[in-house]
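To start, the structure itself, in structure tokens.
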Amino acid sequence: KAMTILYNKEIRIERLILGPWESNCYVVSAAKDALIIDTPAVAPKILEAVRGLTVRFILITHGHSDHLGALAEVKEALGAPVAVHPKDAHRLPIPPDLLLEHEKQMPLGSLKLKVIYTPGHTAGSVCFLLGQHLFAGDTIFPNGAGKTNSPQDFKTIVDSLVKQVFVLPDETIVYPGHGEGTILGKEKQLFAAFNSRPRQADLCGDVLWVP
């Protein structure tokens, strides 16, 4: 399933919902330049969405297979460089062309997209910020953080959110790796309420701010 979620004079954002885990792929374009963010499952649908555009980069938010199923096929068809954080590079089915660093700027037409390193869901998870649009992978969802496998990972993802994500303006729009988006101001409020309550020391897994 594909939908255009934003189209203004400067940028267009198209969301494709693909594969058995209904993972989100985002095609972000400015004029005829485009970026693909994550490559779940179905290569022909991603390639159809970028027809007529020049894909500058294939950006990977993190190295879980539900976001990578179409990567090799999309890369072969388009030849665009694949970029991922070094700590998740080993998870990719093909070698990446570029390794992403925190605060690296990626060009898109006359615009710049910024890499934000947000470990926790995986060691190499990143978000991508373009203006007020945050492509968050599985780092943050409406009413919760991405799934974590240990209490230490949960502490890490909370640290990432507090230091790197919740410092962004309230009006920032969040585009997660699965499901619908949210507005950051709302998530900050929900997290503040969660953080004010006592919690178990061994908390991890799928943690919601409001159970």
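The values are calculated or read from the model by the stated rules, or taken from the named source; none is laboratory data. None of these values were measured; they are calculated from a predicted model. As a convention, Cβ positions derive from the backbone with ideal geometry for all residues, glycine included, and neighbour counts pool all protein chains shown. Note: areas computed on protein heavy atoms with side chains; ligands, DNA, RNA excluded. Shrake-Rupley method; radii C 1.70, N 1.55, O 1.52, S 1.80 Å.
For the range 81-87, take each phi angle, set θ = phi - 60°, evaluate the Karplus expression 6.51 cos²θ - 1.76 cosθ + 1.60, and give the result in whole Hz per residue in order, putting x for glycine and proline.
x, 8, 10, 8, 5, x, 6
Using a Förster distance of 35 angstrom, determine the FRET efficiency expected from the C-beta separation of GLU101 and ASN149, and round it to 0.05.
Working: r = 25 Å, r/R0 = 0.70.
With a Förster radius of 35 Å, E is 0.90.
What list of ³J(HN,Hα) values in whole Hz, one per residue of the range 102-115 in order, does the Karplus curve 6.51 cos²θ - 1.76 cosθ + 1.60 (θ = phi - 60°) give from phi, with Gly and Pro shown as x?
With coefficients 6.51, -1.76 and 1.60, one gets 4, 6, 4, 9, 10, x, 9, x, 8, 9, 10, 10, 9, 7 Hz.
Could you state the accessible area per residue of the range 106-211 in Å², with a 1.4 Å probe and every protein chain left in place?
On the way: 4570 Å² over 106 residues.
About 43 Å² of surface per residue is accessible.
Can you tell me which aspartates and glutamates have their Cα less than 13 Å from the Cα of LYS87? Leave out same-chain residues fewer than eight positions away.
GLU101
In terms of solvent-accessible area of protein heavy atoms at a 1.4 angstrom probe, what is the ranking of LYS104, LYS32, highest value first?
On the way: LYS104 70, LYS32 130 Å².
Most to least solvent-accessible, the answer reads LYS32, LYS104.
Using the Karplus curve 6.51 cos²θ - 1.76 cosθ + 1.60 with θ = phi - 60°, work out ³J(HN,Hα) for each residue of the range 164-181 in order, rounded to whole Hz, and write x for Gly and Pro.
10, 9, 6, 7, 6, x, 4, 7, 4, 8, 9, 10, x, x, 9, x, 7, x
Evaluate E = 1/(1 + (r/R0)^6) for LYS9 and ASN195, where r is the Cβ-Cβ distance and R0 equals 30 Å; express this FRET efficiency to the nearest 0.05. Could the numbers behind the result be given before it?
On the way: r = 39 Å, r/R0 = 1.29.
About 0.20, to the nearest 0.05.
Below 16 Å, Cα to Cα, which lysines can LYS32 reach? Residues fewer than 8 away in the same chain don't count.
Once the sequence-local lysines are set aside, what remains near LYS32 is LYS9, LYS112.
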